1. Kindly put B:HIS449, A:HIS121 in sequence by how many other C-beta atoms sit within 10 Å of each C-beta, fewest to most.
2. Counting partner chain Cβ atoms within 10 Å of every residue's Cβ in A:139-145, what's the average?
3. Between A:PHE79 and A:HIS121, with labels modelled 7 Å along Cα→Cβ, what's the label distance in nm to one decimal, could you check?
4. For chain A, what does -39500 (n - 2.57) per DSSP helix run (n ≥ 4), summed and divided by total residues, give at 222 nm, in deg cm²/dmol to the nearest 500?
5. Provide the percentage of antiparallel DSSP beta bridges, counting only those with both residues in chain B; round to the nearest 5.
6. For B:CYS480, B:CYS343, B:CYS38, what's the fewest-to-most ordering of other Cβ within 10 Å of each Cβ?
7. With the Cα gyration tensor of chain A giving a ≥ b ≥ c as the square roots of its eigenvalues, does the rule (a/c under 1.5 for rounded; else a/b larger than b/c for prolate; else oblate) give rounded, prolate or oblate?
8. Viscosity 1.306 mPa s, temperature 10 °C: give me the Stokes-Einstein translational D for the protein assembly as shown in µm²/s, with Rh taken as the Kirkwood radius over C-alpha pairs.
Amino acid sequence: MTVRLDPRTKLYMIFVVSAVVMMSATNSLLWALRIVVTILPIAFLIMEKYYASALRFLILYVTALGITFTCLSEKSTGFFMAFLLGYCSIIVQFLPAMITAWYVLRTTKIDEFICVMQKMHMPDGITISLAVVMRFFPTIKEEYTSIRDAMKMREIMLGTGNVIKMVEYRIIPLMFSCVNIGDELSAAAITRGLGEKVKRTSVVELKMKVYDYLLVILFSVVLIVYVVFRNVK
Amino acid sequence: MQTIIDIKDATYKYKGARNNSLMGVSMQVKKGETILLCGASGSGKTTLIRLINGLIPHYYNGELQGSICVKEKDVSKTPLYNLAGTVGTVFQNPRSQFFSVDTDGEIVFGPENIGIAPKEILKRKDNIIEQMKLNKLMGRNLFELSGGQKQRIACASVAALLPEIILLDEPSSNLDLQSISELGKITRKWKEQGKTVIISEHRLWYVKDFVDRVIYMKDGVIANEWAGERFKKLGEKEIRKLKLRPLLLNEKFSNILCFKSGQKSFKRMEETDSIILKDFYFSYKRKPYIFRKKKFTQSDGEHLNLCVQNLAIPKGKIIGVIGSNGMGKSTFLRCICGLEKDCTGVIKTDGMVYKGRARIPVSYMVMQDVNHQLFTDSVKEEVLLSMKEKDEERCYCILESLGLLEYKDTHPMALSGGQKQRVAIASAVAAGASLLLFDEPTSGLDYSHMEKVGDLLKQLAAMGKTVLVSTHDPELIERCCEYLLCVNNGKVEYV
């Protein structure tokens, strides 16, 4: 069964999960909810056939969770434990948000996204700039890979010299090519009518389905529980 | 016939530029005409295209004089989005003209922008898919398509706006021969549909048969003009004099490049002194081993993207590497210079055997986009960075031999494309690489720049370097390649 979520649900998921990761879980109910909101996006990733990344996220999260619960306590001391604690708590705390964001970015088409933003009456300026950012991720990745290859060929690698220089060597060509591509990209987009004053139409038809409503309710409950627990105490 | 584009005495200077890009250009285009713009790079072709689609003066800053009217509208007073349904443009770089990430979204992007009803858009989309035979490309990720496929989608997305005027700005620069003829067919169809088409192009062979008029630009002015029929009959000498690429594809090469017949007209391997590549196997579709990666062997057969059991490359020669896009040319080059870690091939040269990471210093690839491989803030630094022992004397020597000495303190990004290429070569020479690989060094270059690259390759060969150059450029092959390797489905053979 494939469940294609409505982009609005996805945006709401991001919102709730980001809020949840900012609040600490203090009892087992909160922990359980936190795990639920992490497992859900992983499940959706599997449904959208991103098996490898789902597995990777799952292993990372479960390991970190396991270590936090079994090995670490208030009594742990020593540098290694401190390091491990820091590392694991960052993962446990923030990975849910990362997974959700990754899932949404991978599975939302740009036109779906623009359509949603329009339905929510966002100003065009914001919509278009966010859409460009989404379009740019794969480009940055492509460019970065080529630059990394070029550095490999010249045997300039991290750890062989000045770290700041190494970063500089990566960032500067990346910036140059991104600026160039961005410039050409916007020229191409405006010759095709981007920025037109008339209302933009969309061939994407958005419809909230049953599972969308269910998810929205579920995430709302999670959010409410977290907020209540935080403020009741 | 009605005049659809009317440019009167246009002079244009880009902001910050020293010279005018256009000087007093006037031209009229009739409805339904097909026009070819040719001339060297920097002669003002692109600027002229930008005048017509309105990017000048609305997007690029500069000083404009004169008037440009498109369909009786003054371009400088018409907002760009009002021109969108009238003028469509296919740009040079397939990588940077997409707004969507998927093919379907890209085709409907334009019509959506100008507010056409969704039903009508879908109807247009289906029409275009049928006309251009794009069925196989639908529902795909644009980042996974080849240059030729991307360019076809770009054409489709422009056509979806149903513009009366279509401009193409060097659309064939990054394409292989088959994709170029494909592009030619699309343009010809547009002409038949009665659209006004203006093509700016270096490669003349695929457009010469159907253009009505040819405009030759030089230093910002229209230097000459022919009717299409007259232009077709220009002799080789005249074309050469104009510094244009030839009108006809050299048949021998085009046959080889298109794999029409197994002509073996090039020199066969006979030299004894050679670099041997052994057991280069590689596949992108990795078999699902979670803990240990699989070593590729010949037995993987069909799954291999590269399969080279034993290949001898003559030393100190220039070897062309040809093959259609997606056949594995780039993979071949990447594996040789050690960029694909999982390819465990061995390079044997001068009685030495190089394995694994040791292969990296032996070879050096000059990438298609050289911007990716220039890191420092001056040319001198760039060359010194490649040297294990910093030796300024040697650095100057290398710069001198490549004609770069006067730029030694310039920032590499401030140089022209050709100069950047030479800086990349200088750093390769400095690193002591004996095998130099070039990934399509002449894509998008005009004839005289192509000649320069050819001469440079010869110079490198004369210095004792072995040069492998992957290319779609028959003129470059004719000019400098002594041997020709053909990559077909990962198999590499001499032709």
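Read-outs throughout are calculated quantities, based only on the coordinates presented, and are distinct from any laboratory measurement. Every value quoted in this text rests on a predicted model; they were computed, and no experiment measured them. Note: ideal-geometry Cβ built from the backbone for every residue, glycine included; neighbour counts use all protein chains shown.
1. Going from least to most buried by this count: A:HIS121, B:HIS449.
2. Mean partner-chain Cβ count within 10 Å for A:139-145: 2.
3. A separation of 5.9 nm, rounded to one decimal place.
4. So the helix-based figure for chain A works out to -26500 deg cm²/dmol.
5. In chain B, approximately 55 percent of DSSP beta bridges are antiparallel ones.
6. The fewest-first ordering by Cβ neighbours comes to B:CYS480, B:CYS343, B:CYS38.
7. Judged from the Cα gyration tensor, chain A comes out oblate (a/c at least 1.5, b/c at or above a/b).
8. 55 µm²/s
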